């Protein structure tokens with residue numbers, strides 16, 4: 001049996017960000033469904049986070065729905081810190097971000113994840129930080145939000161703004177991971193534009209082939225070449241891209257040469273046949 005090649009997927013956390021992410025705690029307050037807690041555990045593991053704190057939340061034993069929803073990440077749930085109130089969960093944090101889908105009243109201002117996460121990670125270099133999520137039915141209370149140093153809102157459609165708890169956590173931890181990671185398992189392409197000389201050599205090659213193929217007007221090839229240049233210049237091409245374009249036109253040029261040679265051969269054959277016919281007639 002032929003061995004299958006192992007394909008490495010995903011991204012790794014940049015070494016400079018490891019300590020910061022290790023200081024990020026996801027805090028769930030009053031979560032009533034064990035399945036939601038399991039789903040949160042899974043997305044935390046997806047994004048390289050491990051710190052989960054449960055405040056007055058549902059039991060998540062091995063016979064609960066948390067196991068199936070965690071789908072291989074139940075260790076995150078199993079090792080979660082369990083406390084009775086939010087002050088206990090936030091006791092040692094240097095920054096706590098409360099999440100809410102509602103504005104107005106006492107909730108005057110809230111930052112988006114894009115605005116607040118760089119500050120959160122910067123503070124995570126100094127000590128523990130927390131992202132706090134409220135109950136499935138009604139989120140965090142005003143008193144609970146007051147315990148947080150910052151307020152964050154995920155932009156959603158005003159006609160259907162409420163998000164599932166696990167989905168909301170997924171958005172935030174993805175944003176945390178996105179600015180903290182680097183690709184692994186494949187090489188990141190470092191783009192370097194092709195030089196003017198390389199591009200001009202390509203255009204000269206393209207023009208020569210298209211003239212031979214009869215696509216360009218022999219008397220005024222520049223008219224169509226201007227458009228071809230415009231199209232190709234709109235693409236960000238590096239040396240490899242230029243090689244691909246030239247490879248295509250090399251193939252076209254070869255086919256045009258073969259066609260010309262075949263036409264010459266057929267023309268010479270007809271000429272010989274015509275001469276032979278004339279000689280027969282003269283006899």
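Taken together, the values in this text are just the output of simple stated rules run on the coordinates, not laboratory data. Because the structure is predicted, anything quoted here is derived from the model rather than measured. Cβ sites come from the backbone with ideal geometry, for glycine too, and all protein chains shown count toward neighbours.
Table for the structure above
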quantity	calculated
Cα shape, the range 11-183, gyration tensor, a/c 1.5 rule	rounded
Acute angle (nearest 10 degrees) that the helix 221-233 long axis makes with the longest principal axis of the chain, alpha-carbon atoms	20
Relative contact order (percent, whole number), the range 11-183, Cα cutoff 8 Å, 6+ residue spacing	32
Calculated over the range 18-68: convex hull of Cα atoms, volume per residue (Å³)	64
Pairwise label distance in nanometres, residue 18 with residue 244, each label 7 Å out on the Cα-Cβ vector	3.6
Sorted by Cβ density within 10 Å, fewest first, the residues 246, 240	240, 246
Gain on full stretching of the segment that runs from residue 79 to residue 261 - 0.36 nm per residue minus C-alpha separation	57.9 nm
Degrees, to the nearest 10: 113-124 long Cα axis against longest axis of the chain	60
Ranked 181, 131, 148, criterion: other C-beta atoms within 10 Å, fewest first	181, 148, 131
Principal-axis tilt of helix 34-46 within the chain, Cα atoms, nearest 10 degrees	50
Highest average packing first - 21-30, 133-142, 258-267, Cβ atoms within 10 Å	21-30, 133-142, 258-267
Share, in percent, of DSSP beta bridges within the chain that are antiparallel, nearest 5	20
Residue order, fewest to most surrounding Cβ atoms within 10 angstrom, among 31, 208	208, 31
